Every structure is written in C-alpha cells, then in structure tokens.
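What follows is one structure encoded as structure tokens, with my remarks underneath.
The values are calculated or read from the model by the stated rules, or taken from the named source; none is laboratory data. What you see is a predicted model; the values in this text were computed from it and never measured. Cβ placement follows ideal geometry from the backbone for every residue including glycine, while neighbour counts extend to all protein chains displayed. The area values use the complete protein model at the heavy-atom level, side chains included, leaving out ligands, DNA and RNA. Shrake-Rupley method; radii C 1.70, N 1.55, O 1.52, S 1.80 Å.
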Amino acid sequence: MTTLGLILGAGGLHAAAQHAGVLAALAEATAWDPRTSDVVVGTSAGATTAASLRAGLSAGDHRAQYVGDTLSAGGQALVDRVTTRLDMDLPLDRSGRRLPAKPMLLLRELLSTGRPRPVVSLAGLLPVGSHDGSSLGARTREIHPERWPEQPTWICALDLDSGKRVVLGRDDIDVDLGSAVQASTAVPGWFAPVEIDGRRLVDGGVHSTTNADLVATLGLDLVVVSSSRTVGGTIGSGVGLASAWHGRSLRREVEAIRRRGTTVLVLQPTATELAGRSGDDRSDERLPEVCEAARVSALARLSHPEAAGARRLLDSVTT
C-alpha cells in the first residue's frame with residue numbers, strides 16, 4: 001500500500017491560490033485524491049487549505065473558488081457553511097506603545113549552536129500584532145465543525161516566547177482546528193498571537209515556510225510539497241532575499257526526506273510567476289491568475305520524465 005504525505009506551505013493569499021492550482025493539477029494528471037493523504041502538514045496559508053481538504057472540499061472545487069467556475073454540489077454545500085467574512089484588517093483595541101514582542105529571541109538565536117533562523121529573531125523584535133485574526137479561526141470552524149480531522153493533520157505554529165516550533169495535531173496540546181489555523185496564520189507584527197495551552201503562538205512560517213522535515217522519519221513512500229517559494233535561485237536572478245532564504249530551507253528539508261529513501265515531488269512557482277505577483281502576501285490581486293499559473297506549471301512538472309516515479313506512486317494510491 002502506497003503511503004503519501006502532503007505539505008502545504010505558507011505565503012498568504014498567494015500561497016492559498018498556488019495550492020488550489022497545484023491540487024487541481026494533481027487531481028487532473030493522476031488518479032490521486034489529495035483529500036486522502038495519509039498525513040497533511042499545513043503552515044499558515046497552507047493550514048487553511050489543509051483544513052478545507054480535511055473538511056472534504058475537492059481539489060477541483062479549490063480551483064473553482066479562485067477562477068469563478070461552478071463548484072460541485074458537495075463543494076458548494078461545504079462552502080455555504082462559511083458565513084463569517086474574512087477580515088484581515090480588523091484592528092484590536094490596543095493603546096499605548098507597541099513594544100517588541102520578545103526581544104530575547106534575538107539573543108537566543110545569536111547564542112544558538114543550531115542553524116540560524118533570522119526570521120525567528122525578527123518575530124521577536126516586531127511589536128505584538130494589533131489586528132484580529134479570529135475570522136480565520138471562525139471560518140475554519142464553519143467549514144470543519146468537528147474539533148479535529150480524523151486523519152493525521154499537523155498545523156505548524158511558533159511559540160513566541162521560546163522561539164520553538166509547535167505542531168498542533170501532533171504535539172500534546174488540547175486545541176481545536178479553528179484555533180490552530182488562527183495561530184498558524186498569525187503573522188508577527190500584524191495579527192495578535194493566539195494563546196493556546198499557556199503559549200503565545202504565531203505564524204508557523206516564521207520557523208519554516210513548509211516545515212517539510214516533520215515527515216522525514218515517517219517512512220512514507222511519497223511526499224508532495226506545494227510551496228509558494230522557489231527552491232534554488234540566487235539573489236538578483238528574480239529571487240529576493242527572503243525567497244532565497246526560504247528556498248534554501250526547503251532544499252534542506254527535501255534532502256532530509258530523500259535521505260530516508262522517500263520520493264519527494266516539489267511543485268513550486270517559477271521566478272517569472274513570482275515576479276508577476278503583488279509584493280504583499282495579503283493582497284487579493286490576480287489570485288485567479290496565480291491559481292491558473294500554478295496549475296499549468298504543475299501540469300508541466302508532472303509531465304516531465306523526472307516526475308515519472310512520483311506519478312507512478314500517485315497513480316498507485318488508488319490501484
């Protein structure tokens with residue numbers, strides 16, 4: 001029996017549209033249904049996609065939402081559950097000076113003997129977010145009323161006080177899916193941290209935009225990574241500093257998985273696709289174009305001879 005993991009990375013609204021296009025391409029080109037993944041790891045925007053997949057929204061319906069196509073009857077029924085308006089600009093009633101959230105994270109990173117994570121330091125230096133992200137949690141609870149999916153679903157966040165990754169749905173933390181998604185999407189400096197089990201949690205993309213290394217030891221046959229960043233590339237070649245850093249992290253994560261004998265398929269935007277996006281990940285401009293570009297790019301990648309092994313595994317999931 002083929003076992004398969006799905007990684008859905010961070011990157012704001014652009015990443016959510018990217019995932020929709022990638023999932024649609026996978027469903028079109030193979031016999032695999034992404035909803036049946038043995039484990040799904042979602043980070044930030046990827047956490048919202050993970051939740052809707054586990055709620056039962058098909059790959060095709062994910063794409064239809066972005067490009068304006070008609071959803072299936074079942075997909076429309078799921079989408080109709082969501083009545084809370086998405087509002088990422090709702091301010092919280094906070095007065096006074098906005099001090100750094102956790103400046104000690106910078107010192108901890110400087111003294112750490114592990115691989116440096118400058119984004120973690122930045123999260124500590126930014127002020128505590130002053131916007132309310134509860135609409136993301138509410139919308140998740142509406143589309144997925146059950147407390148947690150039956151199938152393994154890991155939602156990544158960062159403990160703002162310790163600087164360590166927290167994996168909701170795997171770690172021993174009592175939380176519902178809506179709160180987990182809200183925490184995973186709590187962009188430092190913008191959204192307020194989400195308090196869960198005595199921890200102040202923020203966006204899991206601070207630790208890694210993909211957190212793919214979490215599945216390295218699971219012994220899966222195949223891991224599919226949908227990333228809104230590009231592995232490789234150099235600064236000045238259409239890849240900015242942040243993208244180059246996150247791409248380097250993903251490359252290391254992929255190498256760690258492959259060393260265990262697992263096949264990895266990475267589906268990601270090209271530098272040209274990235275250049276055509278708004279610089280603001282919260283912007284909803286050109287989301288249909290982002291989705292369709294991701295779909296076309298993923299179909300091209302799946303047709304490449306290098307992806308033949310991954311395609312065979314995807315087709316064997318249901319055979």
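Which of the helices (runs of 4 or more DSSP H) contained wholly in region 34-101 include at least 3 residues that are aliphatic (A, V, I, L, M) and farther than 24 Å from ARG282 by Cβ?
On the way: elements: 45-55, 59-67, 73-80.
Filter on region 34-101 gives 73-80.
Just wondering, is there one or more residues in region 153-174 that are open to solvent by 70 Å² or more (accessible area, probe 1.4 Å), basic (Lys, Arg) and either modelled with pLDDT under 80 or assigned to a strand (DSSP E or B) (or both)?
No.
With the requirement that a residue be among the hydrophobic types (A, V, I, L, M, F, W, C), modelled with pLDDT under 95 and open to solvent by less than 40 Å² (accessible area, probe 1.4 Å), what does region 54-102 give you?
Answer for region 54-102, where residues must be among the hydrophobic types (A, V, I, L, M, F, W, C), modelled with pLDDT under 95 and open to solvent by less than 40 Å² (accessible area, probe 1.4 Å): MET88, ALA101.
Which condition breaks for THR209 when tested against (1) among the polar types (S, T, N, Q); (2) touching a His at 6+ places or on another chain (Cβ under 7 Å); (3) not in a loop (DSSP other than H, G, I, E, B)?
(3)
Any residue that is β-branched (Val, Ile, Thr) and under 25 Å from ALA180 (Cβ atoms) - is there at least one of those in region 69-80?
Yes, because at least one residue in region 69-80 is β-branched (Val, Ile, Thr) and under 25 Å from ALA180 (Cβ atoms).
Might you check whether a residue that is open to solvent by 10 Å² or more (accessible area, probe 1.4 Å), out of contact with any His (no Cβ under 7 Å at 6 or more places or on another chain) and without any contact (Cβ under 8 Å) to a residue 40 or more places away in the chain occurs anywhere in region 27-45?
yes
Given the residues GLU195, GLU150, GLU146, GLU109, which is the only one that is over 22 Å from LEU13 (Cβ atoms), at pLDDT below 95 and either out of contact with any His (no Cβ under 8 Å at 6 or more places or on another chain) or surrounded by 15 or more Cβ atoms within 10 Å (Cβ to Cβ) (or both)?
Exactly one of GLU195, GLU150, GLU146, GLU109 is over 22 Å from LEU13 (Cβ atoms), at pLDDT below 95 and either out of contact with any His (no Cβ under 8 Å at 6 or more places or on another chain) or surrounded by 15 or more Cβ atoms within 10 Å (Cβ to Cβ) (or both), namely GLU109.
Can you name the residue in region 287-319 that is free of Cβ contacts under 8 Å to residues at least 60 places away in the same chain and under 17 Å from THR262 (Cα atoms) and is also surrounded by the most Cβ atoms within 10 Å (Cβ to Cβ) among such residues?
Per the criteria, the residue is ALA307.
Kindly provide the set of residues from region 243-298 that are acidic (Asp, Glu) and modelled with pLDDT of 90 or more, ordered by number.
GLU253, GLU255, GLU289, GLU292, listed by residue number.
Would you mention how many residues in region 258-276 are more than 23 Å from ALA25 (Cα to Cα) and open to solvent by less than 60 Å² (accessible area, probe 1.4 Å)?
0
Could you run through region 16-50 and say how many residues are under 15 Å from the mean Cα position of the chain (by Cα) and at pLDDT below 95?
Selection size over region 16-50: 0.
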